[in-house]
Amino acid sequence: MRVLESMISVNSDYIVLRTDESVMLFLGDRLIWANTRFKPSIKLLTLGNNGDLIVYEEEQIFVYHQDGSREVLLETVPEARFNKVAMDGQGRLLCVESELARNPSIKKKLIFFFKSNEEEVPVHYHRIFVYDRLTREENEIWDFERDVKSESTIMWDITKDLIMLAIAESTWIEKPVVGKVTRVYLMNLREDKTLFQLNLTNVDVKGFRINEKGMLLVDMSDEGQRQFLLINQKGEKTNITPPQKNFKLLHFGTDTVIFKVLPEKVILFKDFRNNLVYVLDERILESIGLTHPIIFKSNDDIIITFFDEEKSVLKKYVYSWRGNKIDFIYHK
């Protein structure tokens, strides 16, 4: 059995493992349910502190409860889809982005060799809203019309308590100069205010994350050079230099940015001043049989799991890299 994907609740009580055979939910080390009918197209979205697993399936958002039963939460309208979903730790509130393909609603003039023609431009309408599972009410937070031909994009991320929301809108402009501009916003939804808005010009934004302190990490490319930009709540920026070789961003924590160097399986920990503070050789973990994907806790410690198929028990280890030790987690 090969583990393809893993997910942990905010309180670290529940873990979901997706293997090449099934999807399994664990409470501590105990297997709660296993479902062998999950199609590869089903996306695992988020896992609540109550064990509710939210998935995107057949253009709908479902919740799988602790007893394994499934319930529809949200359904799309024709020509629409859900792009991203986040859930608070209590499992009550969902932050959702929906995308609707509209009929062309705007016209642009294209002028070639002094000849003017009108062309209808396809537009997709994006909505970001908070859905309350208890009251079944929606509160719209943001909307954005994406001009498909101009390759405009929208990205967002939100803290696990659904309080701090970051949005990045990328569009092409013609004045004062032709180029791409990405407008970055940070909002406090509880206080209903925007903390800052800044522009990034002529860069290709590839990714976008927010940590639990409300700091942003922007993954971008400038003239073909991969860069990471750290932005605090005041809008102040710091460059975080990634590894020179092939790499993957593993985690954006409370005070660290963590990269994995490929194919060497070396994990690099950098602080918010761009200092390299720790190096972990993942082969050390593999040598003691811990081969499942690693999971990061809220304090940036690493949880490593090992599923004992004979006993149907999930063994968990916590690697405290600051103290350079591995502890086995016992469950009563």
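Observations on the model:
- Candidate set from segment 268-294 (those that are at pLDDT 85 or above and among the β-branched types (Val, Ile, Thr)); member that is nearest to LEU216 (Cα to Cα): VAL277
- Applying the condition of being under 14 Å from ILE294 (Cβ atoms) and part of a loop (DSSP other than H, G, I, E, B) to segment 250-278 and asking which residue is farthest from the chain's Cα centre (by Cα) yields LYS265.
- Cβ-Cβ contacts under 7 Å between residues 6 or more apart (or on different chains), taken from a first residue in segment 30-47 that is outside the structural domain of PHE306 (by TED's automatic domain parsing) and in a strand (DSSP E or B) to a second residue that is among the polar types (S, T, N, Q) and buried (at least 17 other Cβ atoms within 10 Å of the Cβ), are listed as LEU47/SER9.
- All of (1) out of contact with any Leu (no Cβ under 6 Å at 6 or more places or on another chain); (2) surrounded by fewer than 20 Cβ atoms within 10 Å (Cβ to Cβ); (3) in a strand (DSSP E or B); (4) among the hydrophobic types (A, V, I, L, M, F, W, C) hold for LEU25 with one exception: (2).
- Selected residue (criterion: nearest to THR171 (Cα to Cα)) from residues of segment 217-240 that are of a type in the set (S, T, N, Q) and loosely packed, with under 12 Cβ neighbours inside 10 Å: GLN225
- The single condition from (1) in a helix (DSSP H, G or I); (2) within 27 Å of PHE196 (Cα to Cα) that ASP300 fails is (1).
Table: residues versus (1) among the charged types (D, E, K, R); (2) part of a loop (DSSP other than H, G, I, E, B); (3) closer than 26 Å to TRP156 by Cβ; (4) within 20 Å of the chain's Cα centre (by Cα).
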position	(1), (2), (3), (4)
VAL218	no, no, yes, yes
LEU230	no, no, yes, yes
LYS248	yes, no, yes, yes
LEU280	no, no, no, no
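- Counting only strands (runs of 3 or more DSSP E) wholly contained in segment 131-178, the ones carrying 2 or more residues that are modelled with pLDDT of 95 or more, under 21 Å from the mean Cα position of the chain (by Cα) and surrounded by 15 or more Cβ atoms within 10 Å (Cβ to Cβ) occupy 153-158, 164-173.
- Positions within segment 197-216 being surrounded by fewer than 16 Cβ atoms within 10 Å (Cβ to Cβ), in a strand (DSSP E or B), more than 18 Å from the chain's Cα centre (by Cα) and of a type outside the set (A, V, I, L, M, F, W, C), in sequence order: GLN197, ASN199, THR201
The values are calculated or read from the model by the stated rules, or taken from the named source; none is laboratory data. Keep in mind that what you see is a predicted model, and the values were worked out from it rather than measured. Heads up, the Cβs are rebuilt from the backbone with ideal geometry, glycines too, and the neighbour counts pull from every protein chain shown.
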